[in-house]
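Engineer: This is the structure I have questions about; it appears just below.
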Amino acid sequence: MKRLQYLLITSFLITLFSCTENKKSEPHTDTMVTDYKEQYRPQFHFTPKGNWMNDPNGLVYNNGQWHMFYQHNPWGNKWGHMSWGHAVTRDLVHWGEMPIALYEEANATDADSTMIFSGSAIVDKGNKSKICPDGTGDCMIAFYTSHVHNKGEGIVQHQSLAYSADKGQTWAKYTKNPIIDLKEKDFRDPKVFWHQPSQEWKMAVVLPKKYKVLFYGSKDLVNWTKLSEWGGVGDISKIWECPDLFELKVANEVGVTKWVLVISGGHESKSTFGMQYFIGQFDGNKFTLDAEETGQHYLDYGRDFYAAVTWNNDPYKRRLMIGWMNNWDYANEVPTTPWKSAQSIVRQLVMYKVGEAYKLYQAPLREIESLRGTYGGYSDLELPCDPNLFSNIRFTSGEIQAIFTPAEEVGVEEFGLKVFQSKDASGKVVEETVIGYDPNRKEVFLDRSRSGRLDFSEKFSSRDVAPANLQEGKINLHVFIDESTIEVFVNHGEVVLSSQVFPKMNQGGIELYNKGDGRTVANTYNAWSYNSTWDALK
Ligand code: FRU
């Protein structure tokens with residue numbers, strides 16, 4: 001079993017870190033233009049105007065702007081030449097793409113380079129570290145992994161930094177890099193944050209194949225001391241990447257705070273990639289799992305939410321997260337061009353005590369409601385209802401809030417929503433994605449097995465499930481769809497499912513349904529098509 005796991009992980013890493021075949025002759029992102037109207041182009045999720053994107057990096061607020069950097073290939077629409085792309089927003093809804101911030105460093109040849117892997121960013125107020133060579137203004141500092149390789153063969157990964165003295169417009173690499181080097185082939189994704197009680201900067205960084213998070217401390221951002229390591233528990237079905245560590249107040253328990261350690265790697269279904277989190281305490285030196293916690297929780301039960309991390313310095317002290325809406329199982333193959341991958345909508349994380357347990361809730365940020373366009377809605381609909389009721393509420397980019405009550409104890413098999421639905425000339429449904437609830441299994445599911453294009457990867461077709469109980473007899477589904485993305489927040493963000501779909505037809509049909517002999521009532525159905533965020537750029 002261990003051997004099989006090893007083989008799977010090794011083959012994943014070889015595929016990931018050796019597909020550098022795309023040539024620099026492909027169009028460079030900065031020269032590309034788009035009207036953001038291509039098939040599958042999300043209208044309110046960030047996508048680069050062209051070329052490949054994966055993890056969000058360097059999330060930090062500074063001077064009126066939330067920055068997001070991201071893993072980007074400036075020369076191609078597949079993974080390779082990893083550099084940091086850059087986007088900014090003033091409202092967490094509309095994004096503006098900036099010039100590429102940090103480029104891959106070519107060494108002797110193109111094939112033998114140092115790529116700029118994932119990491120984080122902070123603001124050094126008054127340039128106390130003196131890393132920005134001139135001035136005493138604020139110095140923005142990015143921490144990233146230098147991935148040194150030769151013809152795709154990884155040699156070493158170590159931690160490096162870059163700085164910006166002009167509020168993030170332009171970046172320079174620190175000449176004394178690397179700042180931490182363990183001579184490890186897999187050692188990456190530094191997350192740096194300020195820890196007030198110990199008056200020190202902390203870093204969480206992973207040894208992916210050893211399932212370990214290493215914690216470091218520093219006063220000057222250059223010299224780092226190892227504090228402790230933690231790991232080997234939770235989901236070790238894949239690898240451990242992109243750690244994040246932060247403190248959250250428990251929203252319904254005065255004076256109690258918890259520390260949350262987030263890791264990308266394993267998925268609930270074990271066969272694919274996903275994210276897990278742990279709840280405990282961090283004393284400035286080490287992370288300890290709470291006594292009542294037995295292991296990991298999963299952050300998202302869909303297939304396309306990975307490498308998510310949170311912002312440093314949110315001015316309203318919220319814990320805001322964004323994640324890559326793709327999956328290493330098929331990310332390079334998804335049928336979008338000239339770009340690949342979207343980032344999720346921004347989610348606010350809130351910790352609640354539920355019974356005796358603590359739980360992380362994810363709520364879509366309210367700011368997104370500013371995009372609401374045409375509205376359609378009903379209340380107290382008995383299901384099944386006349387499908388024609390929905391013929392005037394159709395869209396491929398928008399928001400749906402639906403609350404359902406299974407009105408009988410027996411006989412209700414499942415119910416929910418069908419989105420991205422298209423019919424042929426005879427009125428027969430030929431494609432749709434189903435977001436439903438099975439009250440017998442107490443599961444929400446997202447079924448994309450008839451969602452449209454599935455041909456580009458054997459691993460794409462899926463029906464994913466998440467545990468969810470009725471609350472006062474009801475299930476609450478809050479759904480965002482956007483041309484090729486779906487995010488489902490269940491029961492106010494208690495569980496979330498995020499997945500991509502690639503419909504071949506584009507009728508944007510939406511329907512409520514139920515299955516079985518029992519009655520179901522849709523207490524509330526509110527739907528809004530969304531205005532495109534790209535229109536604001538024109
Ligand atoms: C996660 C990841 C990171 C790495 C980056 C490379 O998706 O594998 O661990 O830094 O992508 O692009």
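Engineer: Once the Cα gyration tensor of segment 384-456 is found, what semi-axes does its equivalent ellipsoid get, as square roots of 5 times the eigenvalues, in whole Å, sorted largest first?
Structural biologist: Details: eigenvalues 107, 54, 33 Å².
Each semi-axis is the square root of five times an eigenvalue, giving 23, 16, 13 Å.
Engineer: May I ask you to derive the relative contact order of the chain, considering only C-alpha pairs under 8 Å and at least 6 residues apart, and to give it as an integer percent?
Structural biologist: Relative CO of the chain lands at 13 percent.
Engineer: May I pose another question? Could you give me the percent of Cα pairs per 10 Å distance bin for segment 299-368, shortest bin first, beginning at zero and ending with the bin that holds the maximum distance?
Structural biologist: 17, 41, 29, 11, 2
Engineer: Rule-of-thumb check for segment 98-242: C-alpha Rg over 2.2 N^0.38 Å? Let's see the in-between values first.
Structural biologist: On the way: Rg = 15.6 Å, N = 145, 2.2 N^0.38 = 14.6 Å.
Ratio of Rg to 2.2 N^0.38 Å for segment 98-242: 1.07.
Engineer: Starting from the amide H of L227, placed 1.01 Å from N in the peptide plane, find each other amide H under 5 Å away whose residue is 5 or more places distant or on another chain.
Structural biologist: Amide H neighbours of L227: F215, Y216, G217.
Engineer: Now for a different question. Report, in degrees rounded to the nearest 10, the 0 to 90 angle that the Cα long axis of helix 2-18 makes with the longest principal axis of the chain.
Structural biologist: Taking the Cα atoms of the chain, the angle to 2-18 is about 70 degrees.
Engineer: Determine the relative contact order of segment 370-531: mean sequence separation of Cα pairs under 8 Å and six or more apart, normalised by residue count, in whole percent.
Structural biologist: On the way: 417 pairs, mean separation 69.6, N = 162.
So the answer I get is 43 percent.
Engineer: In Å², and per residue, what accessible area does segment 68-108 have when probed at 1.4 Å with the other protein chains present?
Structural biologist: On the way: 1100 Å² over 41 residues.
On a per-residue basis, segment 68-108 sits at 27 Å².
Engineer: Ok, one more. Is any residue of segment 223-255 close enough, with backbone N under 20 Å, to a label point placed 7 angstrom from the Cα of Q196 along the Cα-Cβ axis, and if so, which?
Structural biologist: 245-255, by backbone N distance to the label point.
Engineer: With θ set to phi - 60°, apply the Karplus curve 6.51 cos²θ - 1.76 cosθ + 1.60 along segment 443-460 and write out the HN-Hα couplings as whole Hz, x wherever there is a Gly or Pro.
Structural biologist: Calculated HN-Hα couplings, in order: 9, 8, 9, 10, 10, 10, 6, 10, 7, x, 5, 10, 5, 6, 7, 4, 8, 7 Hz.
Engineer: Name the aspartates and glutamates eligible as straight-distance cross-link partners of K37: C-alpha to C-alpha under 13 Å, and not fewer than 8 places from it in the same chain.
Structural biologist: D482, E483, D535
Engineer: Which of the residue pairs K130/K173; K183/K210; K167/K219; K317/K418; K125/K210; K128/K212 have a Cα-Cα distance greater than 26 Å in the structure shown?
Structural biologist: Numbers: K130/K173 14 Å; K183/K210 15 Å; K167/K219 22 Å; K317/K418 37 Å; K125/K210 35 Å; K128/K212 31 Å.
Checking Cα-Cα distances, K317/K418; K125/K210; K128/K212 exceed 26 Å.
Engineer: Now for a separate question. Step through the residues of segment 33-45 one at a time and calculate ³J(HN,Hα) from phi using the Karplus curve (6.51 cos²θ - 1.76 cosθ + 1.60, θ = phi - 60°), rounding each to whole Hz and writing x for Gly and Pro.
Structural biologist: 10, 8, 9, 6, 10, 5, 4, 6, 6, x, 9, 9, 10
Engineer: Show me 171-184, 81-94, 296-309 ranked by packing, highest mean number of other Cβ atoms within 10 Å first. Before the final figure, lay out each step's value.
Structural biologist: On the way: 171-184: 15.3, 81-94: 20.5, 296-309: 25.4.
Top to bottom by mean Cβ count within 10 Å: 296-309, 81-94, 171-184.
Engineer: Then there is this: Pick out, from V213, S271, V334, the residue whose Cα sits farthest towards the positive end of the charge dipole of the chain, with +1 on the Cβ of Lys and Arg and -1 on the Cβ of Asp and Glu.
Structural biologist: Comparing the listed Cα positions along the dipole, V213 ranks first.
Engineer: What full-extension length gain, to one decimal in nm, is calculated for R463 and R90 as 0.36 nm per residue of separation minus the Cα-Cα distance? Before the final figure, lay out each step's value.
Structural biologist: Numbers: separation 373, 0.36 × 373 = 134.28 nm, distance 3.64 nm.
Extra length from R463 to R90 when fully extended: 130.6 nm.
Engineer: If each DSSP helix of 4+ residues adds -39,500 (n - 2.57) and the sum is divided by the residues in the chain, what number results at 222 nm, nearest 500 deg cm²/dmol? Don't jump to the answer; show the numbers that get you there.
Structural biologist: Working: 1 runs with 17 residues, N = 538.
When only DSSP H runs of four or more count, the value is -1000 deg cm²/dmol.
Engineer: Also, I was wondering about something else. Please find the FRET efficiency linking R453 to A407, where r is the Cβ-Cβ separation and R0 is fixed at 35 Å, and quote it to the nearest 0.05.
Structural biologist: Working from the Cβ atoms, E equals 0.40.
Engineer: Continuing with the same structure: Pull up the DSSP beta bridges for segment 241-364 and report the antiparallel fraction as a percent, rounded to 5.
Structural biologist: Details: 34 of 35 bridges.
Just about 95 percent of them are antiparallel.
Engineer: In Å and whole numbers, how far do the C-alpha atoms of the chain stretch along each principal axis, longest first?
Structural biologist: Computed over the Cα atoms, the extents are 69, 54, 50 Å.
Engineer: Restricting things to alpha carbons, tell me how big segment 384-538 is in terms of Rg and Dmax, in Å.
Structural biologist: Every Cα atom of segment 384-538 included, Rg and Dmax give 15.4, 54 Å.
Engineer: Take the solvent-accessible surface of the protein heavy atoms, probe 1.4 Å, and return the percent of it on the chain that carbon and sulfur atoms account for. Please list the in-between numbers first.
Structural biologist: Numbers: 10620 of 20940 Å².
Ligands and nucleic acids excluded, carbon and sulfur give 51 percent.
Engineer: Whole-Hz ³J(HN,Hα) for each residue in segment 303-320, computed from phi via Karplus 6.51 cos²θ - 1.76 cosθ + 1.60 with θ = phi - 60°, x for glycine and proline: what do you get?
Structural biologist: In residue order, the calculated couplings are 9, 10, 8, 8, 6, 6, 9, 10, 6, 7, 6, 4, x, 9, 6, 8, 9, 10 Hz.
Engineer: Something else about it: How large is Rg over Rh for segment 333-375, taking Rg from the Cα atoms and Rh as the Kirkwood inverse mean of 1/r across Cα pairs? Working shown, then result.
Structural biologist: Details: Rg = 16.5 Å, Rh = 13.9 Å.
Dividing the radius of gyration by the Kirkwood radius yields 1.19.
Engineer: Still on this structure: Could you give the size of the charge dipole of segment 316-426 about its Cα centre, using +1 on the Cβ of each K and R and -1 on the Cβ of each D and E, expressed in debye and rounded to the nearest 20? Before the final figure, lay out each step's value.
Structural biologist: Working: 12 positive and 14 negative charges, 190 e Å.
Dipole about the Cα centre, nearest 20: 920 debye.
Engineer: Right, here's the next one. Kindly report the accessible area of segment 274-338 per residue (heavy atoms of protein chains, probe 1.4 Å, no ligands, DNA or RNA), in Å². Don't skip to the end; give the middle numbers.
Structural biologist: Details: 2080 Å² over 65 residues.
Accessible area per residue, segment 274-338: 32 Å².
Engineer: Taking the Cα of Q65, stepping 7 Å toward and past its beta carbon, and measuring to each backbone N in segment 160-178: which are under 11 Å?
Structural biologist: Of the residues in segment 160-178, 166-171 have backbone N under 11 Å from the label point off Q65.
Engineer: Still on this structure: Can you pull the accessible area of M32 for me, 1.4 Å probe, Å² to the nearest 10?
Structural biologist: 30
Engineer: A further question follows. Among N491, G137, S118, whose Cα lies farthest out toward the positive end of the dipole of the chain, if unit charges sit on the beta carbon of Lys, Arg (+1) and Asp, Glu (-1)?
Structural biologist: So the residue furthest toward the plus end is G137.
Engineer: Let me ask another. Straight-line reach only, C-alpha to C-alpha below 15 angstrom: list the aspartates and glutamates that K270 could link to, leaving out same-chain residues fewer than 8 apart.
Structural biologist: The qualifying aspartates and glutamates are D235, D300, D304, D329, D464.
Engineer: If you don't mind, another one. Once you charge only the Cβ atoms, +1 for Lys and Arg and -1 for Asp and Glu, what is the size of the charge dipole of segment 370-531 about its Cα centre, to the nearest 20 debye? Don't skip to the answer; put the middle values down first.
Structural biologist: Numbers: 16 positive and 24 negative charges, 81 e Å.
Charge dipole, segment 370-531, about its Cα centre: 400 debye, nearest 20.
Engineer: Can you list the residues, at least 5 places off or on another chain, whose amide H is less than 5 Å from the amide H of D112, using H built in the peptide plane?
Structural biologist: Residues meeting the amide H criterion: N107, K151.
Engineer: Next question. Of L102, Y301, F282, whose Cα points farthest to the positive end of the dipole of the chain (charges on the beta-carbon: +1 Lys, Arg; -1 Asp, Glu; origin at the Cα centre)?
Structural biologist: L102
Engineer: Please work out the Cα center distance from segment 142-160 to segment 120-134, rounded to the nearest Å.
Structural biologist: 23
Engineer: Treating only the Cβ of Lys, Arg, Asp and Glu as charged (+1, +1, -1, -1), what charge dipole size does the chain show about its Cα centre? Round to the nearest 20 debye. List each step's numbers first, then the result.
Structural biologist: Values: 57 positive and 67 negative charges, 225 e Å.
About 1080 debye.
Engineer: Can you give the accessible area per residue of segment 370-531, in Å², using a 1.4 Å probe? Provide the component values of the computation, followed by the final result.
Structural biologist: Details: 6640 Å² over 162 residues.
The answer is 41 Å² per residue.
Engineer: Now for a different question. May I ask you to derive the FRET efficiency for D283 and E153 from their Cβ-Cβ distance with R0 = 56 Å, giving the value to the nearest 0.05? List each step's numbers first, then the result.
Structural biologist: Values: r = 40 Å, r/R0 = 0.71.
FRET efficiency, D283 to E153: 0.90.
The values are calculated or read from the model by the stated rules, or taken from the named source; none is laboratory data. Owing to the predicted nature of the structure, the values given are computational and were not obtained by experimental measurement. No Cβ is skipped: glycine too gets one built from the backbone with ideal geometry, and neighbour counts run over all protein chains shown. Calculation scope for accessible area: heavy atoms of the full protein, side chains included, ligands and nucleic acids excluded. Shrake-Rupley method; radii C 1.70, N 1.55, O 1.52, S 1.80 Å.
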